[in-house]
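One structure below.
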Amino acid sequence: MPKRVAIVGAGAGGTSTAYFLRQLHARQSASDTLDITIFEVHDRIGGRALAVNVSEERVLELGASIFLTSNRIMYESALAFSFPFVEESEGSTLGLWDGAQFAFQTTGKGWWDTIRGAWRYGTSPLRASKASQEAATKFFRSYQQGPKGGPFRGLEQWLAVQELLEYITVSGKAFLGSQGVGELYQREIVEGANRVNYSQDLTSSHSLAALITLAALSGDTRTVSGGNARIFSEFAKRSGAELVLGPGKGRVTLVERREESGYWVETEDGERRDFDAVVVAVPLAHNAIRLLLPPTSPYTLRRSTLYPPSTTFVELHSTAVIGQLNPAYFELAPDSSLPDSVIFINPAPPTPSLPPPFHSATKHHTYPDGTSLYKLFSTAPPDQVVASLFLPGAKVAATKSWRAYPHLPPTDPSEVPPIVLDEDSAGGAVLYPGAFERVFSTMESACVGGRNAARLLGQSWGWVVDGGFPDGPDSKPVKAKF
Ligand SMILES: Cc1cc2nc3c(=O)[nH]c(=O)nc-3n(C[C@H](O)[C@H](O)[C@H](O)COP(=O)(O)OP(=O)(O)OC[C@H]3O[C@@H](n4cnc5c(N)ncnc54)[C@H](O)[C@@H]3O)c2cc1C
């Protein structure tokens, strides 16, 4: 009898689950065949990784854009699939705008910026970087074999084993303060970057979010040429899964435990198919999928941790703009030079912090006619922001409105969701790899969640689940700079 697995959602979490399931299955000496079906409401693979063509020569990520070389699944998969990376543009400048003035600007000259940064922020950058590396090292234990590597049935257990639990209980501000990171560095650099990463301030988000932000700030990052979603398409392809894409047949509306064993999966077009296991790789906090699972299931018992009002998602507009920043917006003379990229930071106290009209405008390319390609992150409608922030004539080349990532407030460990939502007597289960997003939201953590889900299923079917990361027992970590 084949094992039939339904995966809901073709983002990082769903496609990585399929990929790792297939890899695990291939390593079993004797086992049932494995059929995987991926349901996806959109006509494309990638979820929140979405690259668009903005001009003949440019592709821009409107969703997830970077990952670290220490993110083993993303980085090593890109290398294994021979995907080239986008070339970094060198020497760009950054300005931190507080609504009234540029609090700090870099010059693009690495050594000079280092000296000026040291003068302004003292030892805070080093202290912050050390704290971030400590947290990252703990997270990367998730790749290990043995007890620290799981598989884990719940996020709380996972975080406890990695010694990450304490980080989610305190705000970024409180934690960084306790590590001796100065207020100025916190507000200007860490909070500025945290707004770009998670649209959240340090007081309202927990410390793990801030430390992830810092890791991206100081680490060695990559973007796949042609779009990060290529990795997820390749995962799906190599998994041999049946792809059911598009509204109607691809949108899952119901997952229901069958009387005997296994689960029904119903789609918007009314079709019902039965499976041995279901992996729900979508954010449940704002998804309309109904889960009809027994009253004794972890899902029913811990339902409140899956849909807490505090984890509403940040509504964010990501916009590709071709044009030039307008000096008048910054109350500067028309011929003034501006930094290449601008981050909107909170002003120094006692000036009150107001919701910023935009989080960041980052320059990605300059065209021969002197205009540039910018990526604008804003919670305000993009047309409104573009009209004031850019010189007349600027054009919106593409825009996408996201439910981007959850609000990440300091959280009591008992409020983090389970990963195993239900189990039947035949080794089948409903799993939720997206549980990880309750703690932070990255492509890598979604893939770590996918790998964990694959191993949980394999384990419940008596498979050997140790070894083989990411592409066979001989694989060695690629040397990563962090
Ligand atoms: C603007 C932005 C910038 C970001 N920047 C970064 C970054 O630089 N680096 C980084 O690592 N991360 C970044 N992230 C976060 C990252 O994109 C996510 O954490 C990650 O992609 C989540 O993957 P996922 O598979 O869990 O969810 P998703 O990517 O959301 O995938 C879920 C999929 O399920 C589908 N779906 C939903 N409901 C149903 C249904 N009922 N039936 C069938 N299919 C359904 C959706 O269409 C989607 O394709 C960013 C996110 C955004 C929005």
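Bear in mind these aren't lab numbers, they're just calculated from the coordinates by the rules spelled out. Values in this document were obtained by computation on a predicted structure and should not be read as measured data. Note that we place each Cβ from the backbone using ideal geometry, even for glycine, and neighbour counts take in every protein chain shown.
Tabulated values for the structure
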quantity: For 126, 214, 316, order by how many other beta-carbon atoms lie within 10 Å, fewest first; calculated: 126, 316, 214
quantity: Full-stretch length increase - residue 258, residue 396 - with 0.36 nm per residue and alpha-carbon distance subtracted; calculated: 44.8 nm
quantity: Across 109/173; 138/173; 375/395; 130/375, pairs whose alpha-carbon gap is larger than 18 Å; calculated: 109/173; 138/173; 130/375
quantity: Quarter of Cα convex hull surface for the stretch 206-359, i.e. mean projection, nm²; calculated: 15.6 nm²
quantity: Lys, Arg +1 and Asp, Glu -1 on Cβ, resulting dipole of the chain about Cα centre, debye, nearest 20; calculated: 640 debye
quantity: Net length gained if the chain between residue 249 and residue 183 were fully extended (0.36 nm per residue, minus Cα distance); calculated: 18.6 nm
quantity: Label point distance in nm, residue 88-residue 120, each placed 7 Å from Cα along Cα→Cβ; calculated: 2.0 nm
quantity: Enclosed volume per residue, in Å³, of the convex hull spanned by Cα atoms of the chain; calculated: 145 Å³
quantity: Gained length - residue 53 relative to residue 273, 0.36 nm times residue gap less alpha-carbon distance; calculated: 75.5 nm
quantity: Cα-projected label distance for residue 412 with residue 163, points at 7 Å along beta-carbon direction, nm; calculated: 2.7 nm
quantity: Part-to-part distance (alpha-carbon centres) for the stretch 100-153 and the stretch 354-429, which is given in Å; calculated: 22 Å
quantity: Per-residue Cβ neighbour rank within 10 angstrom, fewest leading, 1, 443; calculated: 1, 443
quantity: R0 of 22 Å, Cβ-Cβ distance residue 290-residue 310: FRET efficiency to nearest 0.05; calculated: 0.45
quantity: Pairwise centroid distance, computed over Cα atoms, of the stretch 302-325 with the stretch 166-225, Å; calculated: 17 Å
